[in-house]
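Let me begin by presenting the structure, written as structure tokens, before commenting on it.
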Amino acid sequence: LKVLQEQFDQPHGVALLPHGAAAARLSPIETEPRSGRICCGPPTPFKTGSCAWVQGSFALLSSRKALPLPEEGEEQSSLDKRWNKMLLEGPVAWSMRGLITHCTSLVSEQGFPLHQFYSLFPMRGERLQTILAIGTWKVAMNQAVFPVVRSSKVTWVQGPKPTFFSEELPEDLQNDLVNDGMDLVCLPEALLKEYEDALGSPRECLKAEELCDFLRTTFERLHPAAKAAHEPESTSKPEGADSENSENGFELDPSETKMASLSERVKILALLRFAVHGLWRDFCKGRPKDFYKFVPDQLKGVPLMLTHAMQVATFCARTKFSSWRDVLPEKKCLFMSRDTYAAIAESVDTSIQGIERVVEIEIPGVRPFTLNDIISYRIDVENSVNAFVGFMDPANESLRVFWSLVAETFAEDHQIVGYDVFTAAQNKAWEKRERREAEMRGEKMPELDEPVTAPIGDRAWCKLIHDWHVLPICSKTGGGENGEDVVALNAAGMTVAPTLIDQDPKVVKSLTAILQEVGVDTVQHDVLSDNRISRLLRTIVVTTNDDMLSLLIDHSNIDNLSGVQRHDLLAYFSVLSLKGDKSEVQLHRVGLLPVFKTAAMDSTFIRLEEGTQYCCVDPSDPHANALSKLMPPKMVMLAWPTAQIKPIYEFLGIKLCNGEEAMVNLIIPRLPSICVDDDDGKRSGPFLMELHAYACIDQSPAVMRAAAQTAFVSSEDALRTGTPLEFTSPAGRCAAVFRECLGSFLPVWWMQQNQKYMEMLHALGMLPVLSPSMILMCAVELDTLAEAQVTKPSNPETAMSVPELSESLRRKSHELVEEFA
């Protein structure tokens, strides 16, 4: 009004109302963009910076070649300048707004080109165009003049602060969001600058929270089942409580989402990075720099999670797991994909925000997978195992992941709490689980005053999976190339881990072959290459020589072994015997194994029995073969040991000797028991013949001395047993006539009948003539017979005649005199 009043008060003043108009040619379209002119009656040479032509009552100089306008920051400007500026910012700008608003309907309905619509907005240039551009945007920005370009049509968004495309997302991805129904505005860069200058602040671009809200509501509208599957409190449940329902969430293939922005994996990850990065920035605002946890709760219900099966799921629609993705290859939908997890982790940039400590990211509806979570999937775990290939075979990836899960889970638990505290908690949890299962079966359980808390060590973990077929072993009956198979974990106590018993590869290979041959399973070597798995398994499988020996004794079939394998087994224990007490093995039990070869021609393998003496005779000894055939009862001759197995023979007390030592120390001491009950000499024959060879042929002093001192000769009258020196030869004439009284001093009858026996006895000291005591005995006998001549016999029929008796007495008397002489 002040300007109008001044205009009226001029000497030749006029009473004018400011007015303006704007028009644009729609058809044909201007060939030169932004060729509109300022008109004040007829056109002027001044351009509008737009395709629109502007009519107004401008104050022009007389030449019509100048349109006065105040410069920026000019305080004392002329009336004409102020008038023209008021006209441009007022009526002309309002006319431009009306023109632009009208053209929005033309764009939507009649196909008016959008680029032509953009050309309606004045662009800054000279002072006139700059004032017109800013004025037009200021009055137009409150209208629905912001285009949202979808594939088939253009809609309009009300100002003044619509949501613009973000520079942090690819333009084609934001176009997909627009096609999915999101109102995002995209203007040419030059118009954006004009808009921001008019607005006086930066434009409002797409924010993370806006994106999350749009995706959540749109996805639930297109897929009502996604909302029904939503469980916002699933992360608060204890481990294992929600694992059974985790696979019941709502997942779709990206191509089935009905949303262009979610149709590809790359797009989903890009949107997730954008969302998390924006939420992270917002989260950090106004917080102290020492916080330690970031929880992007705005992701709940947002369909930006890719499962390990590459399906789209919403956050918090059932629990998803962030680790051990390959443990259940048939249940990939239970796990968040690695790419999704990495996208979230990479979007939290603590260095940019200047955070002073490590920040933990707690993803809504996502947590690490643990052993308790896998209990519900026993069938899936066992079905995923390829029993007939090795542990490290690519086909057994899930088995390796399973064992890593078991090992790492409990290793972490041991680190967090003390050993006793951990084992007590495990026992208590296990006891509660068993009681709960019993109650579900209808069994009555007594009340306990105190929970079971006795430490049970690392074995607590195996109770959860004690009967699962997940233990990789090699056995004789295994279906794999090297006998690979899997057995239940509760069979671990009957399974040997050779690599934990001995570190020598050759020894391990030999032991493994022996164990498998006798029917004892062995843990596959590759299983124990992981120290974490090895630490667990060593508590349940056989890892000591003593336990392995017990298995061989009680639960194996040693008869399946070849002679070479039995020798190798003895050689292994021989090495242990050299270590003494350090071996920590009850090596005396090795004798219970049937691995000792006898020395007989038809040799067999036997075990050592208590109460039996065992020996080995040097095979180079000429008597070795003969000695091997005449072992007495409770004595067995074994084949001579090699240098490798000699130590264990010596440890077990097996005598190693030559033939002479065997006769002296082993055979001759047993001759009395062999000969005394021999009625016909058949059992004693082989022993006496061998003794004859040593005494008469070899004339071995040691054997002869030992035999001469041994009471193995039975008397003819079977009343006594004595040494050869205590007997006399029956070949003497005196011994023959006095046989009745010398029966206790003559060898048993079957010895007398064998010339070699008699030769042997003579060599051992048997008397060729009667000893003085024997002569005296014969004299007493002769005296007794002489007295009988004058005594009438009690039985006349059997009595000798006097002449006969006299002849007998004379003969005995004669032989006795000769013997005495």
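The values are calculated or read from the model by the stated rules, or taken from the named source; none is laboratory data. All values reported here derive from a predicted model rather than from experimental measurement. A quick note on method: Cβ atoms are made from the backbone with ideal geometry, for glycine too, and the neighbour counts reach across all protein chains shown. Only protein heavy atoms, including side chains, enter the accessible area calculation; ligands, DNA and RNA are left aside. Shrake-Rupley method; radii C 1.70, N 1.55, O 1.52, S 1.80 Å.
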*Kindly state, to the nearest 0.05, the FRET efficiency for Glu330 paired with Ser105, given R0 = 60 Å and r defined as their beta-carbon distance.*
0.60
*20 Å reach of a label modelled at Gln644, 7 Å along Cα-to-Cβ, counting backbone N of segment 538-572*: 545, 549, 552, 558-572
*Taking a 26 Å limit on the Cα-Cα distance, which of the listed pairs Lys47/Lys81; Lys85/Lys153; Lys193/Lys258 fall beyond it?*
Lys85/Lys153; Lys193/Lys258
*Segment Met601-Ser376, extension gain: residue separation times 0.36 nm, minus the distance between their alpha carbons*: 74.8 nm
*Work out how much length Gln143 to Ser773 would gain on full extension: take 0.36 nm times their residue separation and subtract the Cα-Cα distance, in nm to one decimal.*
211.3 nm
*Could you compute the FRET efficiency for His762 and Arg589, with r as their C-beta to C-beta distance and R0 at 41 Å, rounded to 0.05?*
0.25
*Any idea how far apart His466 and Gln753 come out in nm if each label point goes 7 Å out from Cα toward Cβ?*
7.2 nm
*Might you report the magnitude of the Cβ-based charge dipole of segment 634-733 about its Cα centre, with Lys and Arg at +1 and Asp and Glu at -1, to the nearest 20 debye?*
220 debye
*Spacing of the two label points (7 Å from each Cα toward its C-beta) at Leu578 and Gln709, in nm*: 3.7 nm
*Along each principal axis, Cα extent of segment 90-232, largest first, Å*: 60, 34, 24
*Ordering Ser673, Ser550 by how much accessible area each has at a 1.4 Å probe, largest first, what is the list?*
Ser673, Ser550
*Using amide H atoms built 1.01 Å from N in the peptide plane, name the residues 5+ places from Ile361, or on other chains, whose amide H lies under 5 Å from its own.*
Phe294
*Can you tell me how much longer the chain between His555 and Asn665 gets when fully stretched, taken as 0.36 nm per residue apart minus their C-alpha distance, in nm with one decimal?*
35.9 nm
*Which is farthest toward the positive dipole end of segment 644-705 among Leu691, Gln644, Gly681, measuring Cα position about the Cα centre, with Cβ charges +1 (Lys, Arg) and -1 (Asp, Glu)?*
Gln644
*Radius of gyration and Dmax for segment 636-786's Cα atoms, expressed in Å?*
18.7, 75
*Glu346/Leu26 FRET efficiency (R0 35 Å; Cβ-Cβ; nearest 0.05)*: 0.10
_Most to least accessible of Leu60, Leu630 (protein chains only, probe 1.4 Å)_ = Leu60, Leu630
_Per principal axis, descending, Cα span of segment 354-409 in whole Å_ = 54, 24, 16
